[in-house]
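S.K.: Submitted below is the structure of interest, expressed as structure tokens.
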Amino acid sequence: MERFKSSVGGALLAAVLAALVSFAVLGADCTCVVGDCFEDIVITGAGMDAARGTYHFVGIVDGRPSYENSQGVVIYHRSTRWYIDQGRDGFYRVSSNAIYPPTRGWDIYEAGDIPLPQLSGGAECGAPPELYGVELYAHGPEACCGAGWTAVGGKVRLRLYPSRALAETPVVTIMGHNVQPTANRDGTVWEAYYVLTEEDPEGDVVFTIDYESIGGMPGPQVTTTTDGSGCIFDKTPPSVPGPLSPADGSTVPSDSVTFEWTPSIDDLSDHVYYTLYVFYYTLYMTGFEINLGTAGGSWTSTGLPERTYTWYMTASDRSRNKSAWSPARTFTIDYPDGHLIISLDWNTSSRVEEGGGSCYRFGIGLSSAPVADVEVTVAIDTQLRTEQGQPGEDLVILFTPSAWGPEMVCLYAVDDGIIEDYQQSSPVVTTSSDDPIYDGLIRTVYMSIWDSELVPYGIILPAIAAVIIPTVVSPPPTWFTWE
């Protein structure tokens, strides 16, 4: 009987301990343990005095109910047999995989004695089983962009928590297809997965769950989640955005360009995300792409040198369905005299880390030779410093009629020891000169600061929507210069 002690006794002990915190008697002969309810069993006619009497349900072992009387005699199932044992002493056994102990057909086993026992009762009782928890989520990095949205090839996960042990695998359908759920070791959590295809209809991901308790008592069919979760299946990309400005073949007299487009429309998603591509040709294509988020039809770029550019756009929805490319448009940057040029370096990010060794670089120059000296001041706040300066100390650059740029500026973020997420900084560039076309000019540079107190791996920081960080497209761009 050591076999029972090692393989079944532990499970029964756990069930009995659970019964101490979740035990109820329904009527005269119905006992519930952790949501499972079974009638008492009465044994008569057994040759062993300790085996006779009333047994109460004590828990689920080997997927079947187990019972125990006041003498410590246990009725339980293991492998392909039912047993009646007391500690190390085996009394009776019968070959059966039935859900309940058989009423007759028992044999003497080890210490048992005739006459053979006769059993009555032990059937399931109480209320039908329920699913107290049902969750449906898009699963995996390929599944969704935005909570609850998924596209073709996306995997959805249905998770269910039954109120009591289930007899067989629940019957689950997702989008009308039968799927095979699997359970954890003790059967308290079931999960089913389904990969969506082109043949599935768009809209809410629907499911059904049918299930029975160990005793074959059916629970009510479930078609909704308990936590408000769900998935929307979207397989249609948004419409192609229509480029409006700069117009095709136009000339822009500034390094500041406002891109405008006709917004895209998606059949299901309430958000459309835009990506802007701007490039030019030398020996190879050079340029950048900007993820604009849900920008509402326009976005302004600064720091474009004098060149002819091509631009186009794409749109994506919450499920990562991407539209076709918009028609390409070209425009030319042509600076007028008296223009203060701020040229960005797309080889570096506009985000710098507090106390880090890298800096945010940009160039400052004039569009033509001045007739007098031009003093350019870069005013920064205490979050920033120049390579040699103190936090908040302004940088002054002098342009002359014979040397008028460009000059490189490199700004570092100061580690202030404060946890503050992303911070935005906006250095202001101003000019002072006796040359009237270069006097009193003002430009602003936008950058973001990564808080070093939150940099360690595994910590996710919210992005600042107002700061757009360019992403380089292949091949990598070169530093823009004036010719």
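S.K.: Can you spot a residue in segment 412-430 that is modelled with pLDDT of 90 or more and exposed (fewer than 15 other Cβ atoms within 10 Å of the Cβ)?
M.R.: There is at least one residue in segment 412-430 that is modelled with pLDDT of 90 or more and exposed (fewer than 15 other Cβ atoms within 10 Å of the Cβ).
S.K.: Read through the list (1) at pLDDT 95 or above; (2) more than 20 Å from Ile214 (Cα to Cα), then give the number of the only condition that Ile108 fails.
M.R.: (1)
S.K.: Moving on. Go through segment 303-347 and count every residue that is of a type in the set (D, E, K, R), touching a Ser or Thr at 6+ places or on another chain (Cβ under 6 Å) and outside any loop (DSSP other than H, G, I, E, B).
M.R.: First pass over segment 303-347, keeping only residues of a type in the set (D, E, K, R): 306-307, 317-318, 320, 322, 329, 334, 337, 345.
Subsequent filtering for residues that are touching a Ser or Thr at 6+ places or on another chain (Cβ under 6 Å) retains 317-318, 322, 334, 337.
Now drop any that are not outside any loop (DSSP other than H, G, I, E, B), which leaves 322.
The total comes to 1.
S.K.: Against the definition (more than 16 Å from Ser426 (Cα to Cα) and either among the small types (Gly, Ala, Ser) or surrounded by fewer than 21 Cβ atoms within 10 Å (Cβ to Cβ) (or both)), how does Arg320 come out, yes or no? It would help to see each step written out before you state the result.
M.R.: Numbers: more than 16 Å from Ser426 (Cα to Cα): yes; either among the small types (Gly, Ala, Ser) or surrounded by fewer than 21 Cβ atoms within 10 Å (Cβ to Cβ) (or both): yes.
Taking the combined requirement at face value, the residue satisfies it.
S.K.: Name the one entry in Thr275, Thr262, Thr310, Thr294 that is in contact (Cβ under 8 Å) with a residue 40 or more places away in the chain, outside the structural domain of Thr444 (by TED's automatic domain parsing) and among the hydroxyl-bearing types (Ser, Thr, Tyr). Can you show your working first?
M.R.: Working: Thr262 fails: in contact (Cβ under 8 Å) with a residue 40 or more places away in the chain; Thr310 fails: in contact (Cβ under 8 Å) with a residue 40 or more places away in the chain; Thr294 fails: in contact (Cβ under 8 Å) with a residue 40 or more places away in the chain.
So the residue among Thr275, Thr262, Thr310, Thr294 that is in contact (Cβ under 8 Å) with a residue 40 or more places away in the chain, outside the structural domain of Thr444 (by TED's automatic domain parsing) and among the hydroxyl-bearing types (Ser, Thr, Tyr) is Thr275.
S.K.: Would you be able to say whether some residue in segment 215-224 is among the polar types (S, T, N, Q), touching a residue at least 40 places away in the same chain (Cβ under 8 Å), within 27 Å of Gly122 (Cβ to Cβ) and in a loop (DSSP other than H, G, I, E, B)?
M.R.: No: zero hits.
S.K.: Something else now. So which strands (runs of 3 or more DSSP E) stay within segment 57-146 end to end and still have 1 or more residues that are of a type in the set (Ser, Thr, Tyr), at positive phi and surrounded by 21 or more Cβ atoms within 10 Å (Cβ to Cβ)? Let's see the steps before the verdict.
M.R.: Details: elements: 64-68, 73-78, 81-86, 89-95, 118-121, 131-139.
Here the list is empty.
S.K.: In addition: Please verify whether segment 379-400 includes one or more residues that are farther than 30 Å from Ile418 by Cα and not in a strand (DSSP E or B).
M.R.: Within segment 379-400, the first condition is being farther than 30 Å from Ile418 by Cα, and the residues that meet it are 397-400.
Restricting the remaining residues to those that are not in a strand (DSSP E or B) gives none.
No, segment 379-400 contains no residue that is farther than 30 Å from Ile418 by Cα and not in a strand (DSSP E or B).
S.K.: Would you confirm whether any residue within segment 459-471 is modelled with pLDDT under 70, of a type in the set (Val, Ile, Thr), closer than 30 Å to Val374 by Cβ and not assigned by TED's automatic domain parsing to the domain that holds Ser256? First the steps, then the outcome.
M.R.: Initially, segment 459-471 is screened for residues modelled with pLDDT under 70, giving 459-471.
Pick out the ones that are also of a type in the set (Val, Ile, Thr) and you get 459-460, 464, 467-469, 471.
Now restrict to residues that are closer than 30 Å to Val374 by Cβ: 467-468.
Restricting the remaining residues to those that are not assigned by TED's automatic domain parsing to the domain that holds Ser256 gives 467-468.
Scanning segment 459-471 turns up at least one residue that is modelled with pLDDT under 70, of a type in the set (Val, Ile, Thr), closer than 30 Å to Val374 by Cβ and not assigned by TED's automatic domain parsing to the domain that holds Ser256.
S.K.: In segment 229-258, what residues are assigned to a loop (DSSP other than H, G, I, E, B), more than 29 Å from Asp204 (Cα to Cα) and at pLDDT 90 or above?
M.R.: First, the residues of segment 229-258 that are assigned to a loop (DSSP other than H, G, I, E, B): 229-231, 234-241, 246-249, 253-256.
Among the residues that remain, those that are also more than 29 Å from Asp204 (Cα to Cα) are: 246-249, 253-256.
Of everything in segment 229-258, those that are assigned to a loop (DSSP other than H, G, I, E, B), more than 29 Å from Asp204 (Cα to Cα) and at pLDDT 90 or above turn out to be Pro246, Ala247, Asp248, Gly249.
S.K.: Which of (1) in contact with a Gly (Cβ under 9 Å, 6 or more places away or on another chain); (2) surrounded by 15 or more Cβ atoms within 10 Å (Cβ to Cβ) does Thr54 not meet, given it meets every other one?
M.R.: Of (1) in contact with a Gly (Cβ under 9 Å, 6 or more places away or on another chain); (2) surrounded by 15 or more Cβ atoms within 10 Å (Cβ to Cβ), only one is false for Thr54: (2).
S.K.: Additional query: Sort out for me the strands (runs of 3 or more DSSP E) sitting completely within segment 259-302 that have 2 or more residues that are at pLDDT 80 or above and within 23 Å of the chain's Cα centre (by Cα). Break it down stepwise before answering.
M.R.: Working: elements: 273-281, 285-293, 298-301.
The qualifying strands (runs of 3 or more DSSP E) are 273-281.
S.K.: Which of the residues belonging to segment 35-50 are over 51 Å from the mean Cα position of the chain (by Cα) and surrounded by fewer than 23 Cβ atoms within 10 Å (Cβ to Cβ)? Full working, then the answer.
M.R.: Restricting attention to segment 35-50, the residues satisfying the condition of being over 51 Å from the mean Cα position of the chain (by Cα) are 42-50.
Result: Val42, Thr44, Gly45, Gly47, Met48, Asp49, Ala50.
S.K.: Residues that are modelled with pLDDT of 95 or more and β-branched (Val, Ile, Thr): does segment 81-95 have at least one?
M.R.: yes
S.K.: With respect to Gln390, determine if the residue is at pLDDT 80 or above and exposed (fewer than 14 other Cβ atoms within 10 Å of the Cβ).
M.R.: On the way: at pLDDT 80 or above: yes; exposed (fewer than 14 other Cβ atoms within 10 Å of the Cβ): yes.
Yes: the conditions hold for Gln390.
S.K.: Of the residues that sit in segment 199-208 and are touching a Phe, Trp or Tyr at 6+ places or on another chain (Cβ under 9 Å) and assigned to a strand (DSSP E or B), which one is farthest from Ala167 (Cα to Cα)? Before you say what the answer is, go through the steps one by one.
M.R.: From segment 199-208, those touching a Phe, Trp or Tyr at 6+ places or on another chain (Cβ under 9 Å) are 200-205, 207; that's our starting set.
After this cut, where a residue has to be assigned to a strand (DSSP E or B) as well, the list is 203-204, 207.
On the way: Gly203: 33, Asp204: 30, Phe207: 21 Å.
Of everything passing the filter in segment 199-208, Gly203 is farthest from Ala167 (Cα to Cα).
The values are calculated or read from the model by the stated rules, or taken from the named source; none is laboratory data. As the structure is a computational prediction, the values presented were derived from the model and not from experiment. We place every Cβ from the backbone using ideal geometry, glycine too, and count neighbours over all the protein chains shown.
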